[in-house]
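J.: Got a structure for you, written out below as structure tokens; questions coming shortly.
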Amino acid sequence: MFSGIVAASCQVLSIDQKNGIHRLTLDLTGLTQHLEVGASVAINGVCLTVVAIDDVSVSFEIVQATYNQTNLRILSPATLVNVERSIRLGDEIGGHLLAGHIAGVVTVLHVHISSNEHSVEFVVPEPWRKYCHTKGYIALDGVSLTLASFDYETGTGIVNLIPETLRRTTLRTVAKGKLLNFEVDPTTLTIVDTVERILQSMPKTIDEPKHKASS
């Protein structure tokens, strides 16, 4: 599990492919203390497993389905990615709980920058809109964010970015047309899916109660 509080933006050293498996190697300077092979790390919000460690160079393997579904497919050497180590029991949850299971990618429609505001507008694919609502939680490229507004009809959402988020994450480089990994709040997803399943299992019509004839 993760909290959506990115530790740092780190550089891609290499990304190779062999037999349908993609191997991603990053420079995780400052983030390797107590890191072991088999550990889970979120890369742009995607939960990946460490397969090799060589000093500060850390490698991960990506299956084709994950590669196709996320923006990891557009990475190249020298690209920066958001990195978060998995949380441990007792850690402060500064953002919100995330599983690192990406729903898909969203496309940035507009970036608004002024002297006192930095906001990003994007569009959510239709199947995932039911899990989004104004003031609800989402994650973009692994960053825990609150939806400042959301339009169910168009699927457009807006998030505001504070200076610390811009300093620490790759969201500072976001521009129109960029693809961002998108994860919905797991709690919201569970509630919506459970309620839908219960409602679908209920009878379509409710029979009127039968009254006994008066004697």
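Every number here is computed from the coordinates shown, using simple stated rules; none is lab data. Predicted, not measured: the structure shown is a model, and the values here were computed from it. Neighbour counts run over all protein chains shown; Cβ positions are idealised from the backbone, glycine included.
J.: Check cross-link reach from LYS176 to the aspartates and glutamates: straight Cα distance under 14 Å, and skip same-chain residues fewer than eight apart.
T.: Within the straight-line cut-off, LYS176 pairs with GLU121.
J.: Now a separate question. Where does the Debye-calculated log10 I(q)/I(0) of segment 4-51 sit at q = 0.17, 0.22, 0.29, 0.30 Å⁻¹, using only Cα point scatterers of equal weight, no solvent?
T.: Per q value, in the given order, log10 I(q)/I(0) is -0.55, -0.92, -1.44, -1.47.
J.: Which three extents, in whole angstrom, do the alpha-carbon atoms of segment 8-85 cover along their principal axes, largest first?
T.: Its Cα atoms span 31, 22, 19 Å along the three principal axes.
J.: Under a point spin-label approximation (7 Å from Cα along Cα-to-Cβ), what is the ARG23-VAL37 distance to one decimal in nm?
T.: Here the modelled spin labels are 1.2 nm apart.
J.: Express the relative contact order of segment 90-161 as a whole percentage, based on alpha carbon pairs under 8 Å and six or more residues apart in sequence. Don't skip to the end; give the middle numbers.
T.: Values: 109 pairs, mean separation 20.1, N = 72.
Worked out over segment 90-161, it gives 28 percent.
J.: Sticking with the crude label model, points 7 Å out along Cα→Cβ, report the distance from SER14 to ARG172 in nm, one decimal please.
T.: 2.9
J.: Cα extents of segment 104-200 along the three principal axes, largest first, in whole Å?
T.: Per principal axis, max minus min of the Cα coordinates gives 48, 23, 21 Å.
J.: Viscosity 0.890 mPa s, temperature 25 °C: Stokes-Einstein D of the chain from its Kirkwood Cα radius, in µm² per second?
T.: Working: Rh = 18.8 Å.
The diffusion coefficient I find is 130 µm²/s.
J.: Mind pulling the angle between the C-alpha long axis of helix 186-201 and the longest principal axis of the chain? Nearest 10 degrees, somewhere in 0 to 90.
T.: Between the helix axis and the principal axis of the chain, the angle is about 30 degrees.
J.: Pairs of alpha-carbon atoms within less than 8 angstrom and 6+ residues apart define the contacts here; what relative contact order does segment 104-200 have, in percent? Display every interim value, and only then the final one.
T.: Values: 169 pairs, mean separation 33.2, N = 97.
34 percent.
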